[in-house]
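Worksheet for the structure shown next.
The values are calculated or read from the model by the stated rules, or taken from the named source; none is laboratory data. Since we're looking at a predicted model, the values are computed, not measured. Every residue, glycine among them, receives a Cβ derived from its backbone with ideal geometry; neighbour counts consider all protein chains shown. Heavy atoms of the whole protein, side chains included, go into the accessibility calculation; ligands, DNA and RNA do not. Shrake-Rupley method; radii C 1.70, N 1.55, O 1.52, S 1.80 Å.
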Amino acid sequence: MNARVEIASPIAVGEPLITCIELGHVYDFGRGRTAALGSISLTIDRGEFVCVLGPSGCGKTTLLNILAGFVVPAHGDVRVGGHAVDGPSSERGVVFQDYSLFPWLTAQANVEFGLRMAGRAARERATIAHDLLGLVGLPDEGAKYPFELSGGMKQRIAIARALATRPSLLLMDEPFAALDAMTRSSLQAKLVEIHRQERPTILFVTHNITEALVLASRLIVMAPNPGRIVEDIRIDLPRPRRRTAPRFNEIYEHVARAIGLETAE
Amino acid sequence: MAFGVSRHSVAGMIGTLAFFGAWEALSRSGFVNNVMLPAPSTIVQSAWELILTGELPRHLGASLVRAAIGFLGGSALGVILGVAMARLPLLHGTINPLVQMFRAVPSLAFVPLAIFWFGIGEMSKIVLIAWGVFFPVWVNTYIGVRDVSPLLGRAAASLGARGWRNFAYVVIPGALPFIIAGLRVSLSVALVVLVAAELAGAAFGVGYLIQMSQQVFRVDQMFVGLIALGAMGFAADLLFEHAVRRLLPWYGAEQAGQKGP
Ligand SMILES: Nc1ncnc2c1ncn2[C@@H]1O[C@H](COP(=O)(O)OP(=O)(O)OP(=O)(O)O)[C@@H](O)[C@H]1O
Ligand SMILES: [Mg+2]
C-alpha cells in the first residue's frame with residue numbers, strides 16, 4: 001500500500017464541496033421547451049454561505065433541485081463532496097419554502113426522521129432532537145404536531161430536521177418568503193448563528209436583496225432566458241450586519257442594478 | 001356559550017319526549033290499530049323479552065360477525081388493490097376498466113346472484129358485504145396514494161428515505177386520511193348490504209328477525225330489529241371515530257376529504 005493513498009481523504013482539503021460544470025436544464029413537455037438553465041459553471045467551497053438571487057423564472061429552484069438530486073439535469077456535470085449527484089441523499093439537507101413537515105409526526109419525530117432512517121438508536125435520536133429544538137428556540141414544542149405550530153415555528157422545525165443528520169450541504173429554497181418581517185429577521189439571525197457554530201455549507205435562494213446581504217458570505221445573481229449567472233460577489237461585510245451601514249447600501253444598490261431593479265431615488 | 005348549548009339540549013330532550021309521548025298516546029288512543037303501530041312501551045317490553053330469551057343477542061351476534069368479517073375482508077382487499085393500482089401503472093391499466101365496470105353496478109343488485117351462487121348461509125352474506133365495502137375503500141385508497149404530496153416524498157428522500165422506506169414512511173401515512181374516509185363510508189355500506197342480504201334469505205340475524213316478525217304480525221319485534229340496527233350503526237361509527245382519534249391524533253386537523261375518482 002502506498003502511504004500517500006492512505007492519507008488522502010475522499011475529499012481533499014481545498015477541493016470545493018460543489019462543482020457544477022456546464023450545467024444545463026430544459027423542461028420539455030409537449031407544448032414547449034423552457035431553457036431553465038443555460039450553461040452554468042460554479043464551484044462552492046465548504047463552509048460558504050451562498051445566497052442565490054434573481055428574478056422569477058431564472059432557474060434558482062431548478063439549480064437547487066438539481067443539487068438536491070430531485071431533478072436530473074439535461075446536460076452538464078454536478079458533483080457534491082466528490083461524488084456525482086445520483087438522487088437525493090441525507091448528505092444534502094433541504095429546507096422547503098412550504099416547510100413540508102410530515103403532518104403525521106410530532107415536531108420531535110419530524111426532527112428525528114433522518115436519524116431514524118439512518119438507523120440511529122432512540123436515545124441518541126432524542127438527545128440530538130432535543131439539542132436542535134433548543135437551537136432553533138423551540139425547546140418545549142417537541143410533542144406538538146405541525147398543525148399546532150405557527151408558520152415560523154414550522155419553518156424552524158424544518159430547519160432543525162434538515163440539520164439533524166449534519167448534512168455537509170444545506171439547500172434552502174426561499175424558506176422565509178412566507179413569513180412576517182419579525183419572524184423572518186429572527187430566523188435569519190438563528191440561521192447566521194447556526195452557520196457560525198456548525199459551519200455547514202449553505203445554498204440559500206431568496207428574492208430579497210436585504211435578506212441576501214444579511215446572510216451571505218457570497219452572492220450569486222442569476223438572470224433568465226436562459227437561466228445563467230450574471231454576478232458572483234463576495235460579501236465581506238462584518239457581522240453582525242447593520243442594514244444602515246453605508247457599505248451595506250452600496251452593495252444593495254449594486255445588486256439591485258444587477259438584477260435590473262430600478263432603485264429608489 | 002354554555003347557556004345556549006344547554007338550552008338547545010333541553011329543547012332536544014323536550015322534542016324527543018314529546019314525540020314518544022304522542023306516539024304512546026296515539027297507539028293507546030284506539031285511533032290506530034296498535035298491532036300496526038305498537039306503543040313505545042310495548043316495544044321496550046318486547047325488546048326486554050327478546051333479550052331475556054337470548055333471541056336478540058343471538059341475531060345481533062350473527063349479524064355482527066358477518067358484518068365484521070365482510071368489512072375486514074373487503075377493506076383489506078380494497079386497501080391492497082388500491083395501493084397496488086396507484087403504484088403500478090401497468091396493473092392499473094389492466095384492471096381499472098373492470099373495477100370501474102363493477103363499481104357502477106349497485107352492490108345490492110348482486111344479492112340474488114350471490115344467494116344463487118353461495119346459498120343462504122354465511123358465505124353469501126360475507127361475500128356481499130365484502131363486495132360492497134371493497135369499492136369505497138379501493139377508490140379512496142387509490143386516490144390517497146396517487147395524490148400523496150410529492151414534496152413530502154422529496155423531503156423524506158433528502159432525509160435518507162428512498163425506495164420502500166419512502167413508501168412505508170411517507171406514502172402510506174400520507175394516504176391514511178383518504179383510506180380512513182373510505183373506511184368510514186364503508187361502515188355504513190356494510191350495514192346496508194348486511195340487512196339486504198339477511199332480508200333476502202337467512203336463518204339468523206337482525207334482518208332475519210325483522211323479516212320473520214313481519215310474517216307473524218309482530219310489528220313490535222320489527223321495531224326492536226330496527227332499533228338494534230340503528231344501535232349497531234351508531235356504535236360502529238362511535239367506535240371508529242374513537243379509534244381514529246386515539247391512534248391518529250393529527251387526523252382531525254388534516255382536511256381529508258373524498259374526491260371523485
Ligand atoms: N416542472 C416544470 N415543468 C416545466 N417548466 C418548468 C418546471 N419548473 C420550472 N419550469 C420553468 O423553468 C424556468 C425556471 O424555473 P424555476 O422554478 O427554476 O425558477 P425560479 O428562479 O425558482 O423562479 P421563482 O423565483 O419564481 O421561484 C421557468 O421558466 C419555469 O417556467
Ligand atoms: Mg423558485
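Rg/Rh, computed from the Cα trace of chain B with Rh as the Kirkwood radius, has the value 1.08. The protein assembly as shown has equivalent-ellipsoid semi-axes of 64, 27, 21 Å, by the square roots of 5 times the alpha carbon gyration tensor eigenvalues, sorted largest first. For chain B, a simple Cβ point-charge model (Lys and Arg +1, Asp and Glu -1, everything else neutral) yields a dipole of about 880 debye relative to the Cα centre. From the square roots a ≥ b ≥ c of the eigenvalues of the alpha-carbon gyration tensor of chain A, which class results: rounded (a/c under 1.5), prolate (a/b over b/c), or oblate? Here chain A falls in the rounded category.
Between the Cα long axis of helix B:122-146 and the first principal axis of chain B there is an angle of about 40°, rounded to the nearest 10. Legend: mean number of C-beta atoms from other chains within 10 angstrom of residue C-beta atoms, peptide A:93-104, equals 5. Here, region A:123-265 is characterised by an Rg to Rh ratio of 1.01, where Rg is the alpha-carbon radius of gyration and Rh the Kirkwood radius. A Cβ-based charge dipole, computed about the Cα centre of the protein assembly as shown with Lys and Arg at +1 and Asp and Glu at -1, lands at about 340 debye.
Multiplying the residue separation of B:L98 and B:S6 by 0.36 nm and subtracting their alpha-carbon distance yields 27.9 nm. Per-residue mean of foreign Cβ neighbours for A:112-123 is 3 (Cβ atoms of other chains, 10 Å radius). Of the listed residues B:L17, B:L194, the order by accessible area with a 1.4 Å probe, largest first, is B:L17, B:L194. In this simple spin-label approximation, B:E24 and B:V65 carry label points 7 Å from Cα along the Cα→Cβ vector, and these lie 3.8 nm apart. The chymotrypsin sites (Phe, Trp or Tyr not before Pro) of region B:186-220 that meet both conditions, a loop assignment by DSSP and at most 13 other Cβ atoms within 10 Å of the site Cβ, are B:F217. For the protein assembly as shown, the tally of Lys pairs with Cα-Cα distances below 25 Å comes to 5, considering only residues 8 or more apart or on different chains.
Counting only DSSP beta bridges with both residues in region A:112-265, the antiparallel share comes to about 55 percent.
Just the accessible area per residue of the protein assembly as shown, please: how many Å² with a 1.4 Å probe?
Numbers: 26640 Å² over 526 residues.
Spelled out: the 1.4 Å probe surface of the protein assembly as shown, per residue, equals 51 Å².
Taking the charge dipole of region A:103-165 about its Cα centre, with +1 at Lys and Arg Cβ atoms and -1 at Asp and Glu Cβ atoms, the residue from A:F147, A:G137, A:V111 reaching farthest to the positive side is A:V111.
Accessible area of B:S188 (1.4 Å probe, protein heavy atoms only, ligands and nucleic acids ignored): about 70 Å².
Which value, in debye to the nearest 20, gives the size of the charge dipole of region B:39-146 about its Cα centre, when Lys and Arg are +1 and Asp and Glu are -1 at the Cβ?
Using only the charged Cβ atoms, the result is roughly 420 debye.
Where does each of A:129-141, A:195-207 land if you order them by average Cβ count within 10 Å, highest first?
For the peptides A:129-141, A:195-207, the packing ranking is A:195-207, A:129-141.
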